[in-house]
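To start, the structure under review is shown below, and the notes come after it.
Values in this text are rule-based calculations from the coordinates and carry no lab data. Worth saying up front: this structure is predicted, and the values here are computed from it rather than measured. Methodologically, a virtual Cβ is constructed for each residue, glycine included, from the backbone with ideal geometry; neighbour enumeration extends over all protein chains shown.
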Amino acid sequence: MKEFDDESLKEFNGQDGNPVYVAHQGRIYDVSASRFWKTGTHMKRHPSGGDLTDEITAAPHGPEVLERYPQVGILNKAETTERPMPGWLDNLLKSFPILRRHPHPMVVHFPIVFMFSTALFNFLYLISGYRSFEVTALHCLGGGVLFIPIGIVTGFFTWWLNYLAQSSKGIKIKIYCSLVLLAAALIAFIWRLASPEVLISFSGSSLIYLILIFSLPTLVSIIGWYGAKMTFPIES
């Protein structure tokens, strides 16, 4: 069976009439017949012509999907230096490979929902006058204050582990907006606890409070947009 190395495998990326090959645990498969690989990239994030062993470990499906396609060779992989990490963390990731990619995508949805809900229920209070909407907004804001730090920590971990902590414009914007979001949500939460009537007797401070509240969904939208661009890059 034909042998490939990392460099020769890169040629089989579905471009310029080349077939689409991917490697897993030393075996190379021809997945050209798969509609999910017809562009040479799977789900806009996994390029062909490379070793997908680590990616499949963290994927929602197992390697059995590759068994549907013919094996065309074996991969002679050169020794590589992996990111150094504490032994306990290395053992944890080997025992629970889902932790390589999924903690941040799962956790980050909570602050998104809570921030949008905070703005929504405050808006409903303003147009209806029902105090229960305003109280619900406070509860949502508290949930956001709880989950934003968790989202930030898991985001830094994913960036360090899977993106080698490489800086980019999108990363810088995400970090800056995340810190501003945490500060804004925390200030609004403390403000509301200290002044329960901040929206009851409308004044100039009420307007400032609302500006703070309605900035929250804007900030999470910016953070989410750049996060989505990293996960599902927009094709030019």
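Counting GluC sites (Glu not before Pro) as exposed when in a DSSP loop with at most 12 other beta carbons within 10 Å, what is the longest stretch of the chain free of them?
Looking at the chain, 83-196 is the longest stretch - no exposed GluC sites (Glu not before Pro) with at most 12 other Cβ atoms within 10 Å.
If Lys and Arg each add +1 and Asp and Glu each add -1, what is the summed charge of the other residues whose beta carbon sits under 11 Å from the beta carbon of residue 122?
0
Can you tell me how much longer the chain between residue 18 and residue 123 gets when fully stretched, taken as 0.36 nm per residue apart minus their C-alpha distance, in nm with one decimal?
Contour length minus the Cα-Cα distance gives 32.3 nm.
Top mean-square fluctuation among 14, 204, 50, Gaussian network model of the chain, C-alpha springs under 10 Å?
Comparing 14, 204, 50 in the GNM, the peak value goes to 204.
Placing +1 on the Cβ of each Lys and Arg and -1 on the Cβ of each Asp and Glu in the chain, which of 211, 91, 167 has its Cα farthest towards the positive end of the resulting dipole?
Result: 211.
Please name whichever of 109, 224, 133 sits farthest to the positive end of the charge dipole of the chain, dipole taken about the Cα centre and charges placed at Cβ: Lys and Arg +1, Asp and Glu -1.
Projecting each Cα onto the dipole axis, the largest value belongs to 133.
What does the charge add up to near residue 223, with Lys and Arg as +1, Asp and Glu as -1, over the other residues with Cβ less than 14 Å from its Cβ?
Result for the neighbourhood of residue 223: +4.
Which of the following values of percent of Cα pairs over 28 Å apart was calculated from the structure shown: (i) 49; (ii) 38; (iii) 32?
The value computed from this structure is option (i).
How much mean residue ellipticity at 222 nm does the chain get from its helices, if each DSSP H run of length 4 or more adds -39500 (n - 2.57) and you divide by all residues, to the nearest 500 deg cm²/dmol?
When only DSSP H runs of four or more count, the value is -18000 deg cm²/dmol.
Kindly point out which whole DSSP H helices in the chain project their C-alpha atoms 27 angstrom or further along the helix axis while averaging a Kyte-Doolittle hydropathy of -1.0 or above.
Passing helices, by number: 109-128, 131-162, 169-194, 204-231.
How much length is gained if the chain between residue 10 and residue 33 is pulled fully straight, taking 0.36 nm per residue apart and subtracting their Cα-Cα distance, in nm to one decimal?
Length gained between residue 10 and residue 33: 6.5 nm.
Fewest first, what order do 35, 68, 27 take by the number of other Cβ atoms within 10 Å?
So the ranking, lowest neighbour count to highest, is 35, 68, 27.
Build a GNM of the chain with springs between Cα atoms under 10 Å: which of 207, 89, 193 gets the top mean-square fluctuation?
Highest fluctuation among the options: 89.
Excluding residues fewer than 8 places away in the same chain, name every one of the aspartates and glutamates whose C-alpha is closer than 16 Å to that of residue 94.
Candidates past the 8-residue exclusion: 54, 55, 82.
Less than 25 Å apart at the alpha-carbon level, and either on another chain or at least 8 residues along: which lysines does that give for residue 38?
Within the straight-line limit of under 25 Å, residue 38 reaches these lysines: 2, 10, 229.
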